[in-house]
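Enquirer: Sharing a structure here in structure tokens format.
The values are calculated or read from the model by the stated rules, or taken from the named source; none is laboratory data. Keep in mind that this is a model prediction, so the values were computed, not measured. Reconstructed Cβ throughout: ideal geometry from the backbone, glycine too, with neighbour counts over all protein chains shown. Calculation scope for accessible area: heavy atoms of the full protein, side chains included, ligands and nucleic acids excluded. Shrake-Rupley method; radii C 1.70, N 1.55, O 1.52, S 1.80 Å.
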Amino acid sequence: MKNYYLVDEKRKTPITTWQKILQALKRSIKLELFVGLWVVMREMLKRNNSATIKYPLEKLQLDNRYRAVHRLMRFIESENERCIGCGLCEKICISNCIRMETSLDKDGRKKVNNYSINLGRCIYCGFCAEVCPELAIVHGLEYENAAEQRSYFGYKEDFLTPIDQLKQQVEFEGAGSLRKDADLLVKKTPNYYDAMQNKALENQDQSSQGEVK
């Protein structure tokens, strides 16, 4: 058998107009109302701590983990594209908005001819950036991507870093990028320990030869 409890059984529903006015006054004149008014007034009196920005003259400072319009990265040293055309981003895309066209170049290597993303259909989940083995596609900080049509496509030349702006390209710290302590998490191979041991033996031989001289 369920137990029922009466809550505020002394409360009576106002019937007359005067009773309704008294109820409204009792509910209005409380400390909570003045606390809320004080919070609003305190924020209004602040001059240098405004939560409002003058858009578009001022832009929001977004965190690196924000997933905005995609970017295709290049290698800074060789200026080559990082994308190897593996197609993992196209396969894992849950909204089916990525399309990739590849072919073989004269050296027999796969070349990405075209890379398109339907930005109107993309849900910016970040799976494409997470699965990329070359860190070729990442999420940038460009959030102004409004369009007049539902299908709004971005192509390879729109995402790829221009060569003349390659010096300004920085390793993105957001979705799809490596952690700053990624090198500490990599498991060393046996060849690494052999190389370190050979290096230590060479240093020991050089030091012993110096003592003999």
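Enquirer: Collect the residues in the stretch 91-104 that are closer than 16 Å to Cys125 by Cα and in contact with a helix residue (DSSP H, G or I) (Cβ under 8 Å, 6 or more places away or on another chain), keeping them in residue-number order.
Expert: Ile92, Cys93, Ile94, Ile98
Enquirer: Another one. Hand me the list of helices (runs of 4 or more DSSP H) wholly inside the stretch 99-203 holding 3 or more residues that are closer than 20 Å to Ile84 by Cβ and under 25 Å from the mean Cα position of the chain (by Cα).
Expert: On the way: elements: 127-131, 156-159, 182-185.
Once the helices (runs of 4 or more DSSP H) in the stretch 99-203 are filtered for at least 3 residues that are closer than 20 Å to Ile84 by Cβ and under 25 Å from the mean Cα position of the chain (by Cα), what remains is 127-131, 156-159.
Enquirer: Restricting to the stretch 108-126, and then to whatever is farther than 26 Å from Asn64 by Cβ and open to solvent by 100 Å² or more (accessible area, probe 1.4 Å), can you tell me which residue is modelled with the lowest pLDDT?
Expert: Result: Arg109.
Enquirer: Checking the condition at pLDDT 80 or above and out of contact with any Pro (no Cβ under 8 Å at 6 or more places or on another chain), which residue from Leu88, Leu60 passes?
Expert: Values: Leu88 fails: out of contact with any Pro (no Cβ under 8 Å at 6 or more places or on another chain).
Every option except Leu60 fails the conditions.
Enquirer: So is Phe172 surrounded by 15 or more Cβ atoms within 10 Å (Cβ to Cβ) and modelled with pLDDT under 75 or not?
Expert: Values: surrounded by 15 or more Cβ atoms within 10 Å (Cβ to Cβ): yes; modelled with pLDDT under 75: yes.
Against the criterion (surrounded by 15 or more Cβ atoms within 10 Å (Cβ to Cβ) and modelled with pLDDT under 75), Phe172 qualifies.
Enquirer: For a quick check of your reading of the model, give me the residue pairs whose first member lies in the stretch 68-92 and is in a helix (DSSP H, G or I) and among the acidic types (Asp, Glu), whose second is modelled with pLDDT of 90 or more and surrounded by fewer than 18 Cβ atoms within 10 Å (Cβ to Cβ), with beta-carbon atoms closer than 8 Å and at least 6 apart or on different chains.
Expert: From residues that are in a helix (DSSP H, G or I) and among the acidic types (Asp, Glu), the pairs are Glu90/Arg99.
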